[in-house]
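Below is one structure, written out as structure tokens; the observations come after it.
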Amino acid sequence: MPLLKLKKPFGRLIALRDYDPGLSDLAALLIGVKPVLYTDFEPGNWDYLRVLCAELKLHYVLPEELYGSKGFKAVRSSGKRMLLIGRRLKDVKLAAESWHRSPTDPAWGVLLGYPECCVKAYIAWRAVAEATDLVDFTFANTADTERLDFTLNNVFNYFSRLTGTPADRTAFDRLRARNKGLDIASLQVISWHPCSYNCAPSAKLGREIFGFLEEYLPARALQLKETLARPLLFSGKYSYAVLNGAAAGGTARYSGLLPPRSLLPAPAVKTLERCGRLSAAGGAALAWRVSGGQREKVPGRHELLNFTAKARG
Ligand SMILES: [Zn+2]
């Protein structure tokens, strides 16, 4: 993956890569939103990471060397290694000492700098993960559904959200195959999962991370905004339609569907494509043409998730 040239130097750094670690996670660390990040990396990429840490005066620990590769964060078969990076050595060491912790131990998420409300919600979701996707869980926790902050859009963020069942793995592979050339793993502003789409602490941090991207990598920021600040009709973890338009009061006007493409069944996609308006309520969606005419039921169960860059009123 090529380096992204910064609009202006950040410290002594002139370019960053959006890969091991992901840019949103790295941005959060650089601006002090997160104390520590962990990432896996291919041994061939060590030079990039070593220079990155040296240039930005970041501390790192290779936890597996100290604490073994037991636990959920260990690399199983990829040949990759794990790395913890932080601004203060103390924080990095604390995280390394917690290497054995389970993902459902709240201390781990808090050490990484995620808001406590979001850590708690994520752990609660893990207990029902096979029956309920995290996005449905988060939307159900969202009190004000009129406008959802686009920096909290985690619909395309499958990290820490895959259940590992064969069916889930197959669906994820199909989704990626359907979006060749699009790096789905990088389509997020915050690298963690919010407790609700109104979560104030996460929205604040999301705006700060997005501000960093706008300042140093404006083209990347624009690409993220154009992908994430869109209303979408959500019917499941791998079934949704991103609408090129805007929504208000449970009704959307749109001129077509945008990537990423999901596994939403063809009848629903066709209905949406021949229409330009839709409304959703109580799990059902109706669509109709711009010129009017009959309203058609969009097959399946759907929620309208109105991710937008407009501030909540
Ligand atoms: Zn939260």
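The values are calculated or read from the model by the stated rules, or taken from the named source; none is laboratory data. Note that the structure is a prediction, hence the values are computed from the model and not measured. Cβ placement follows ideal geometry from the backbone for every residue including glycine, while neighbour counts extend to all protein chains displayed. To get the accessible areas, we keep the full protein, side chains included, count just its heavy atoms, and leave off ligands, DNA and RNA. Shrake-Rupley method; radii C 1.70, N 1.55, O 1.52, S 1.80 Å.
Observations, loosely collected:
- Residue-level check: of (1) over 26 Å from Ala177 (Cβ atoms); (2) assigned by TED's automatic domain parsing to the domain that holds Asp144; (3) touching a strand residue (DSSP E or B) at 6+ places or on another chain (Cβ under 7 Å); (4) of a type in the set (Lys, Arg), Arg253 misses just (2).
- Condition check for Ala284: over 20 Å from the mean Cα position of the chain (by Cα) and either open to solvent by 10 Å² or more (accessible area, probe 1.4 Å) or acidic (Asp, Glu) (or both): yes
- Output for segment 197-222, where each listed residue is within 9 Å of the ligand (Cβ to nearest atom), more than 13 Å from the chain's Cα centre (by Cα) and open to solvent by less than 10 Å² (accessible area, probe 1.4 Å): Cys199
- For segment 230-246, the set of residues classified as surrounded by fewer than 19 Cβ atoms within 10 Å (Cβ to Cβ) and of a type in the set (A, V, I, L, M) consists of Ala246 only.
- Matching option when the condition is among the small types (Gly, Ala, Ser) and either under 27 Å from Val119 (Cα atoms) or crowded, with 19+ Cβ neighbours inside 10 Å (or both), among Gly11, Gly44, Gly22: Gly22
- Of all residues making up segment 225-258, the number that are under 22 Å from Leu175 (Cα atoms) and touching a residue at least 60 places away in the same chain (Cβ under 8 Å): 15
- Residues in segment 159-196 that are under 23 Å from Ala124 (Cβ atoms) and either among the hydroxyl-bearing types (Ser, Thr, Tyr) or within 14 Å of the ligand (Cβ to nearest atom) (or both): Ser160, Thr163, Thr165, Ile190, Ser191, Trp192, His193, Pro194, Cys195, Ser196.
- The requirement of being away from the ligand (no atom under 16 Å from the Cβ), within 20 Å of Leu228 (Cα to Cα) and either part of a helix (DSSP H, G or I) or modelled with pLDDT under 95 (or both) is not satisfied by Phe137.
- Matching helices (runs of 4 or more DSSP H) fully within segment 1-118 where at least 1 residues are within 23 Å of the chain's Cα centre (by Cα): 23-30, 46-55, 89-97, 106-111
- Checking each residue in segment 42-51 for being under 18 Å from Gly86 (Cβ atoms) and in contact with a strand residue (DSSP E or B) (Cβ under 7 Å, 6 or more places away or on another chain) picks out only Leu49.
- Being more than 16 Å from the ligand (Cβ to nearest atom), crowded, with 23+ Cβ neighbours inside 10 Å and either at pLDDT 95 or above or among the acidic types (Asp, Glu) (or both) is a property that holds for Ala252.
- Looking only at residues in segment 27-41 that are closer than 13 Å to Leu84 by Cβ and not β-branched (Val, Ile, Thr), the one that is surrounded by the most Cβ atoms within 10 Å (Cβ to Cβ) is Lys34.
- Restricting segment 85-112 to residues that are out of contact with any helix residue (DSSP H, G or I) (no Cβ under 7 Å at 6 or more places or on another chain) and of a type in the set (Gly, Ala, Ser) leaves a set whose member that is modelled with the lowest pLDDT is Ser102.
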